[in-house]
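The values are calculated or read from the model by the stated rules, or taken from the named source; none is laboratory data. Note that the coordinates shown come from a computational prediction; the quantities given were computed from them, not determined experimentally. Quick reminder, even Gly has a Cβ in these numbers, built from the backbone with ideal geometry, and neighbours come from all protein chains shown.
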Amino acid sequence: MTVLPLCIYNPIVDGTVRRRIHKHTEGAFEQTEDLLAVEKKLKVSVNGKEVLRLYCTPHMVKELVAGLVMTEGIIRGNWCTDRMSIIYGDEISVDIPAEGEVAAEGVIATSGCVGGVTFERKEPFDTVKDTTTVDRESLRYIFNDFQARSDLYKLTGCVHSAALSDGRVILSFAEDIGRHNAVDKVIGFALLENIPFPGKIMLASGRISSEIASKCCRWGIPILATRTAPTSLAVEIAEKCGVTIVGFVRGKRFNVYTHPERIA
């Protein structure tokens, strides 16, 4: 039997490594290879001073940092993503030249996986008064399209995905080992490409926590749909902020937890 190397980077599929494993089938072990999603530590600094660390899938890093920094209001002043430096290695280091203050106080661990972070907010969100509606067939169609794009999940089975849609097509799509990261990447892409958030639908593969509901409230995204379920606090936040949460989108069924008037 050929002995396979323990773990090597896969040059064909970005974001994966090959790992030698012993697969158990029908009462016996077989030595084979499996693809694993790459997980990297990301260190974010502003003007050379580290402000946070998290773990992520090492692609769409620029979008991830832009989405996180803008959503959480970490930098109070002018900054430009084009001047952001990104160094890839065993860890990923990002430095953002910026003017003004760094508001990294109140950092808390999220309920997400792999060390996600968010920041405690003191100011309330504006109510989302967007009157956008989506019919049931369009929601099912766009969600099926969303799930079909999850290539890294199909290869590894261990990442989450998120997308932004106008109800007809997918405008932004991202995958990451963290649910919050995937949403931040989608938001960051939209910000960098000047895609407005009113009238859009946020699609997610995992559970909807309070942090993800808050991100949609922050940007005025009126509809949030997931394959699984929301938490009680996510529903409470969405109800107060005016965001529609749709859960368990599977086949021809789904549950609407808040503001059902947007589902035609």
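Tabulated data
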item: Region 16-46, residues that are modelled with pLDDT under 90 and within 29 Å of residue 73 (Cβ to Cβ); result: none
item: Members of region 242-264 that are of a type in the set (A, V, I, L, M, F, W, C) and either in contact (Cβ under 8 Å) with a residue 40 or more places away in the chain or out of contact with any strand residue (DSSP E or B) (no Cβ under 9 Å at 6 or more places or on another chain) (or both); result: 243, 246, 249, 254, 263, 264
item: Hits in region 151-184 (condition: surrounded by fewer than 21 Cβ atoms within 10 Å (Cβ to Cβ) and touching a His at 6+ places or on another chain (Cβ under 9 Å)); result: 153
item: Breaking point among (1) touching a helix residue (DSSP H, G or I) at 6+ places or on another chain (Cβ under 6 Å); (2) modelled with pLDDT of 95 or more, for residue 145; result: (1)
item: Matching residues, region 200-210, being buried (at least 24 other Cβ atoms within 10 Å of the Cβ) and either more than 12 Å from residue 187 (Cβ to Cβ) or among the small types (Gly, Ala, Ser) (or both); result: 201, 203, 204, 208
item: Cβ pairs under 7 Å, 6+ apart, first in region 14-29 and assigned to a loop (DSSP other than H, G, I, E, B), second not hydrophobic (A, V, I, L, M, F, W, C); result: 14/59; 15/57; 15/58; 15/59
item: Matching option when the condition is of a type in the set (Val, Ile, Thr) and surrounded by 18 or more Cβ atoms within 10 Å (Cβ to Cβ), among 244, 231; result: 244
item: Meets criteria (buried (at least 24 other Cβ atoms within 10 Å of the Cβ), part of a loop (DSSP other than H, G, I, E, B) and at negative phi) for residue 221; result: yes
